[in-house]
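The values are calculated or read from the model by the stated rules, or taken from the named source; none is laboratory data. All figures in this text were calculated on a predicted structure; none of them were measured in a lab. With ideal geometry, Cβ positions are generated from the backbone for all residues, glycine too; neighbour counts draw on all protein chains shown. Heavy atoms of the whole protein, side chains included, go into the accessibility calculation; ligands, DNA and RNA do not. Shrake-Rupley method; radii C 1.70, N 1.55, O 1.52, S 1.80 Å.
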Amino acid sequence: MSKKICIAIDGPAAAGKSTVAKIVAKELHYIYIDTGAMYRAVTYAAINRKIPLHDEKALGEMLVNTQISFEPGEVQQVFIGEENVTEIIRSLEVTANVSEVAAHPVVREELQKRQQLFATEGGIVMDGRDIGTAVLPNAELKIFLLASVEERAERRYKENVAKGFPSDLEQLKKEIEERDHLDYTREHSPLQKAKDAIELDTTSMTIAEVAKSIHELAKAKINQ
């Protein structure tokens, strides 16, 4: 029986992390953990309960009583308690506010603990902003995905249109640039490449090509 490793995929917004991570997890028969969905779920819960997003204490108190879980499916299902929030956490309102919520140390620390518990058995693919540096610093394979702002905005625009969300390409470029700034400069667990991460610039690559590259790197690690 081959060993099961942990694969950490990091990178800025709309770099293709989640899409690629799902493909790699499926090919390896691993569990995919969407950490971005966890932060989106917290953001949605706060908005829904009218908790000020700048109020770290209130967010921490809310999170104690907020259960976030995943269920497998053609599209992985995300739940807050019994409520299926898979679609609503991708709304424009949640997207516009998730970086502010994710910047709070109390939120990151609690969700990181939950993410680390998911990874104790190995055999997982996890993507986010700080997986290789803060959540899974001992992951056997770390990938850092990059892509130009223009390419990422185009990808997000197509995703939104396909899902029926109203979308403006120029506005998306602006939002991605702002989110990059917040992610790279936040005080707690900023977005950064782990020293032992392999960097992949996906600007001129298809999703299939990126997934194939990571899959080959994973198989090499597994067979070491």
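Quick look at the values:
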{"item": "Members of segment 156-183 that are within 26 Å of P105 (Cα to Cα) and touching an Asp or Glu at 6+ places or on another chain (Cβ under 8 Å)", "result": "L182"}
{"item": "Residue that is least open to solvent (accessible area, probe 1.4 Å), among those in segment 2-36 that are assigned to a loop (DSSP other than H, G, I, E, B) and over 21 Å from T203 (Cα atoms)", "result": "I5"}
{"item": "Residue satisfying condition, being open to solvent by 60 Å² or more (accessible area, probe 1.4 Å) and in contact with a Ser or Thr (Cβ under 6 Å, 6 or more places away or on another chain), within set Y157, Y184", "result": "Y157"}
{"item": "Single residue of V161, V106, V78 found to be aliphatic (A, V, I, L, M) and in a strand (DSSP E or B)", "result": "V78"}
{"item": "Whichever residue in segment 187-207 is touching a residue at least 60 places away in the same chain (Cβ under 8 Å) and of a type in the set (A, V, I, L, M, F, W, C) and, among such residues, is surrounded by the fewest Cβ atoms within 10 Å (Cβ to Cβ)", "result": "I207"}
{"item": "Single match in T86, T43, T66 (criterion: in a loop (DSSP other than H, G, I, E, B), open to solvent by less than 40 Å² (accessible area, probe 1.4 Å) and within 17 Å of L111 (Cα to Cα))", "result": "T66"}
{"item": "Near pairs, Cβ below 8 angstrom, 6+ apart or cross-chain, from segment 171-184 (assigned to a helix (DSSP H, G or I)) to any residue that is open to solvent by 100 Å² or more (accessible area, probe 1.4 Å)", "result": "K173/E150"}
{"item": "Filtered residue count, segment 1-58, keeping only those that are under 21 Å from E140 (Cα atoms), of a type in the set (D, E, K, R) and within 16 Å of the chain's Cα centre (by Cα)", "result": "4"}
{"item": "When residues of segment 166-207 are limited to those that are touching a strand residue (DSSP E or B) at 6+ places or on another chain (Cβ under 9 Å) and of a type in the set (A, V, I, L, M, F, W, C), the one modelled with the lowest pLDDT", "result": "L191"}
{"item": "Test set (1) buried (at least 20 other Cβ atoms within 10 Å of the Cβ); (2) of a type in the set (A, V, I, L, M, F, W, C); (3) assigned to a helix (DSSP H, G or I); (4) in contact with a strand residue (DSSP E or B) (Cβ under 7 Å, 6 or more places away or on another chain) - L217 fails condition number", "result": "(1)"}
{"item": "P137 vs. criteria modelled with pLDDT under 90 and either exposed (fewer than 13 other Cβ atoms within 10 Å of the Cβ) or within 30 Å of K221 (Cβ to Cβ) (or both)", "result": "no"}
{"item": "Condition check for K57: open to solvent by 60 Å² or more (accessible area, probe 1.4 Å) and either touching a strand residue (DSSP E or B) at 6+ places or on another chain (Cβ under 7 Å) or at pLDDT 95 or above (or both)", "result": "yes"}
